[in-house]
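Below: the structure, in structure tokens.
The values are calculated or read from the model by the stated rules, or taken from the named source; none is laboratory data. Everything numeric in this text was worked out from a predicted model, so none of it was measured. Cβ placement follows ideal geometry from the backbone for every residue including glycine, while neighbour counts extend to all protein chains displayed. Surface areas here come from the heavy atoms of the whole protein model, side chains and all, with no ligands, DNA or RNA. Shrake-Rupley method; radii C 1.70, N 1.55, O 1.52, S 1.80 Å.
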Amino acid sequence: QQPVQSPQAVILREGEDAVINCSSSKALYSVHWYRQKHGEAPVFLMILLKGGEQKGHDKISASFNEKKQQSSLYLTASQLSYSGTYFCGTALTQGGSEKLVFGKGMKLTVNP
Amino acid sequence: DAGVIQSPRHEVTEMGQEVTLRCKPISGHDYLFWYRQTMMRGLELLIYFNNNVPIDDSGMPEDRFSAKMPNASFSTLKIQPSEPRDSAVYFCASIRRQGHGYTFGSGTRLTVV
């Protein structure tokens with residue numbers, strides 16, 4: 001039931017792009033994305049609801065393909081501040097959208 | 001808005017002792033969640049409440065774990081007796097309603113020796 005994230009870790013140079021994938025074996029109602037810096041709490045980035053939507057937030061955007069039961073997070077022109085571990089959280093049903101199951105995360109390191 | 005407030009930030013205790021973790025959700029948020037984070041298992045949902053009522057506690061590992069929410073502004077997670085394998089970071093999070101992003105507290109780092 002835990003979503004699978006790939007890749008597990010990426011090292012980038014500032015200005016490069018990255019894509020983080022999140023796949024589920026079950027039909028999804030919504031997908032959340034969070035970023036966690038070392039020693040801190042996860043911070044909410046965005047939520048995507050059933051309907052195949054795409055969202056953007058500054059240079060970070062995401063897509064949700066409910067047929068493929070997948071979501072992807074796109075980081076464009078990465079900045080040093082993008083470093084951290086990115087988690088997707090999935091909800092299986094509308095009624096259960098408040099109950100998220102998180103993937104194991106993707107560790108992103110952005111170097112100068 | 002002070003955010004979700006957890007205490008203590010760090011707790012070191014001996015095996016067999018009782019541990020109580022505390023959480024104050026954001027005012028007006030109807031849902032409260034307790035998660036545990038370890039390197040091996042990642043973020044695991046332990047229990048969540050809606051309007052102070054426990055809805056799903058299927059993630060609570062054993063009877064040694066219990067959680068309460070006596071009112072809308074306070075929740076506790078208790079471990080009695082504690083064991084070294086309980087060592088983890090415990091997060092509390094809240095949301096106003098479905099379809100909103102979680103706001104996490106700063107977490108409690110629990111070490112059981």
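Taking R0 as 45 Å, what FRET efficiency do you get between residue B:17 and residue A:65 from their Cβ-Cβ distance, rounded to the nearest 0.05?
Plugging the Cβ-Cβ distance into 1/(1 + (r/R0)^6) gives 0.40.
Whenever you get a sec, compute what percent of the accessible area on the protein assembly as shown sits on carbon and sulfur atoms (1.4 Å probe).
Ligands and nucleic acids excluded, carbon and sulfur give 48 percent.
What spacing in nm lies between the two simple spin-label points modelled at residue B:62 and residue A:11, each 7 Å away from Cα in the Cβ direction?
So the label points at residue B:62 and residue A:11 sit 4.0 nm apart.
Among all the aspartates and glutamates, which ones have a C-alpha under 15 Å from residue A:68's C-alpha, if same-chain residues fewer than 8 places away are not counted?
Residue A:68 reaches A:53.
Can you give the mean number of other chain Cβ atoms that lie within 10 Å of the Cβ atoms in peptide B:102-112?
Across B:102-112, the average partner-chain Cβ count within 10 Å equals 3.
Sorting A:11, B:47 by accessible area (1.4 Å probe), largest first, what list results?
Output order, biggest surface exposure first: A:11, B:47.
How would B:60, A:46, B:15 rank on accessible area, largest to smallest, probe 1.4 Å?
B:15, B:60, A:46
How many Cβ atoms of partner chains, on average, are near each residue of B:50-60 if near means within 10 Å of its Cβ?
Mean shielding by partner chains, rounded to a whole number: 1.
To the nearest 10 Å², what's residue A:29's accessible area with a 1.4 Å probe?
For residue A:29, the solvent-accessible surface is approximately 50 Å².
Return a whole-number percent for the relative contact order of the range B:12-76, with Cα pairs under 8 Å and 6 or more residues apart as the contact set.
Reported as a whole number, the value is 31 percent.
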